[in-house]
Amino acid sequence: MRRLGLLALFLLILAGARGAEASAPAGAALPLCPPLYQLQHPEQCLAAGPGGYAVQLVNAGLPYRLPALDIAPVAPYHNLTPEAYGHVITDTPGVYRHPLEALAGLPPLYRFEKGFVFVSLRGSVTVSDTAFYEINPGEFMFGRDVQEEHPSGFAGTHFATPPASPVGWVINNTQLSAAPGQPPDASMPGAGRYQPVTVFETQRVGDWNWYLIGPGQWIEQRQVALVQPASPSGAVNAIVVDTYEQTLGVYRNGGLVFATLISSGSRSFPTRPGTFQIRAKLTHGKMTGAYFDDRRDYYFLEDVPWILYYDEQRALHGSYWHDHYGVRGSHGCVNLSPRDGRWLYDFANVGDTVVVFSSGP
């Protein structure tokens, strides 16, 4: 029944086009024509709509009905995210309905604006020895315009019992010191980025704290990011973001149950302090925009995963496009690693309290 209905509709459209041909004034163009009719009588039809597209294909030496493609799925990197992603590495690349259109030099469906652009990768295909990615159903990009993205595997720490002292991570590869305030000693062990630490003692030397993280092993505070064992906000049940330390702690009954590194707003686009509630949860969503008049900060992020909106357009969410946790760098949102973003999304509920503050000067 559905096939007969579509056929009947096509015949009606074709008959209407022929009737319009008979009744239209000499030299007048029809508004739109069915593809097959427009291929036979292009001079009587507007170069628009499905018929205009069919004429474009044929004029480019392509078949009106482009061949089906054997598209291979692109798997998410180590299954860290629900989608595979790619970084657009050329300026203003085109997006096409079919790889053959791109190879024939036909105009693209649209072009991306120059900026910080990431797309989801649904699949890949090679046509005439040229690689393409499918980024959405019926949308293809040259493979040379996209670089597959490898999201961070960093993950925070869960606590069955709240720790007795501050915990955190080293954020810069560094050499440890034998005493607080002393220069690093080559005979001392090094500490690598994302190495977890527990603070056993704190001493102030000059402008900075020094932390004892092992027997005779001291590290200066600018090399680490810490989370306190008790909620510093006074909220016994809250998600607490410290924009100075660039960390996040989840507290239940005043005790720390989860801690991790984050990347919050840069100095140009700070994450606003205050007490908020989660107002919406989305498994994924597109984030795009620009704030400077010259749009030099333009960004386009497809399928951002595990979004918790808490302050207007600001959200806690997973991020697949960088591995800079412990360092500011967002447009105001709170970026978490994919693993941490998923855990927090599953754990948190609409209405939960989010506290954003700075523990630094």
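The values are calculated or read from the model by the stated rules, or taken from the named source; none is laboratory data. These numbers come from a predicted model, not from an experiment. Cβ: placed from backbone, ideal geometry, glycine included. Neighbour counts: every protein chain shown.
Could you grab me the full set of residues in the stretch 80-118 that are within 20 Å of residue 329 (Cβ to Cβ) and β-branched (Val, Ile, Thr)?
Selection gives 81, 88, 89, 117.
Just wondering, is there one or more residues in the stretch 221-231 that are in a strand (DSSP E or B), of a type outside the set (A, V, I, L, M) and within 35 Å of the chain's Cα centre (by Cα)?
Checked against the condition, which is being in a strand (DSSP E or B), of a type outside the set (A, V, I, L, M) and within 35 Å of the chain's Cα centre (by Cα), the stretch 221-231 yields no hits at all.
Report yes if some residue within the stretch 141-163 is without any contact (Cβ under 8 Å) to a residue 40 or more places away in the chain, outside any loop (DSSP other than H, G, I, E, B) and more than 23 Å from residue 58 (Cα to Cα); otherwise report no.
Yes.
Give just the number: which of (1) touching a strand residue (DSSP E or B) at 6+ places or on another chain (Cβ under 7 Å); (2) without any contact (Cβ under 8 Å) to a residue 12 or more places away in the chain; (3) not in a loop (DSSP other than H, G, I, E, B) does residue 185 not satisfy?
Among (1) touching a strand residue (DSSP E or B) at 6+ places or on another chain (Cβ under 7 Å); (2) without any contact (Cβ under 8 Å) to a residue 12 or more places away in the chain; (3) not in a loop (DSSP other than H, G, I, E, B), residue 185 violates only (3).
Among the residues of the stretch 53-93, how many are crowded, with 18+ Cβ neighbours inside 10 Å and small (Gly, Ala, Ser)?
Adding up the residues that qualify gives 3.
Only one residue in 229, 180 is buried (at least 16 other Cβ atoms within 10 Å of the Cβ) and closer than 26 Å to residue 318 by Cα. Which one?
Among 229, 180, only 229 is buried (at least 16 other Cβ atoms within 10 Å of the Cβ) and closer than 26 Å to residue 318 by Cα.
Against the conditions (1) over 17 Å from residue 336 (Cβ atoms); (2) surrounded by fewer than 16 Cβ atoms within 10 Å (Cβ to Cβ), where does residue 298 fall short? Just the number, please.
(2) is the only condition that residue 298 fails.
Out of the stretch 100-132, which residues are in contact with a Ser or Thr (Cβ under 7 Å, 6 or more places away or on another chain), closer than 23 Å to residue 56 by Cα and not hydrophobic (A, V, I, L, M, F, W, C)?
111
Which of the strands (runs of 3 or more DSSP E) contained wholly in the stretch 280-335 include at least 1 residues that are closer than 21 Å to residue 360 by Cβ and hydrophobic (A, V, I, L, M, F, W, C)?
314-318
Can you tell me which residue is surrounded by the most Cβ atoms within 10 Å (Cβ to Cβ) among those in the stretch 122-139 that are of a type in the set (D, E, K, R) and assigned to a strand (DSSP E or B)?
First pass over the stretch 122-139, keeping only residues of a type in the set (D, E, K, R): 122, 129, 134, 139.
Filter once more, so that each one left must be assigned to a strand (DSSP E or B): 134, 139.
Values: 134: 21, 139: 17.
Of everything passing the filter in the stretch 122-139, 134 is surrounded by the most Cβ atoms within 10 Å (Cβ to Cβ).
Just give me the residues in the stretch 94-109 being surrounded by 18 or more Cβ atoms within 10 Å (Cβ to Cβ) and in a loop (DSSP other than H, G, I, E, B), in sequence order.
98, 106 - these are the residues of the stretch 94-109 that are surrounded by 18 or more Cβ atoms within 10 Å (Cβ to Cβ) and in a loop (DSSP other than H, G, I, E, B).
Right, residue 218: at pLDDT 95 or above, under 26 Å from residue 173 (Cα atoms) and surrounded by 21 or more Cβ atoms within 10 Å (Cβ to Cβ) or not?
yes
Conditions tested, residue by residue: (1) closer than 22 Å to residue 92 by Cβ; (2) without any contact (Cβ under 8 Å) to a residue 40 or more places away in the chain; (3) out of contact with any Cys (no Cβ under 9 Å at 6 or more places or on another chain).
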{"residue": "286", "(1), (2), (3)": "yes, yes, yes"}
{"residue": "312", "(1), (2), (3)": "no, yes, yes"}
{"residue": "318", "(1), (2), (3)": "no, no, yes"}
{"residue": "334", "(1), (2), (3)": "no, no, yes"}
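Does any residue of the stretch 110-123 turn out to be polar (S, T, N, Q) and on the phi > 0 side of the Ramachandran plot? Break it down stepwise before answering.
Here is the first cut: in the stretch 110-123, the ones polar (S, T, N, Q) are 120.
Filter once more, so that each one left must be on the phi > 0 side of the Ramachandran plot: none.
No, the stretch 110-123 contains no residue that is polar (S, T, N, Q) and on the phi > 0 side of the Ramachandran plot.
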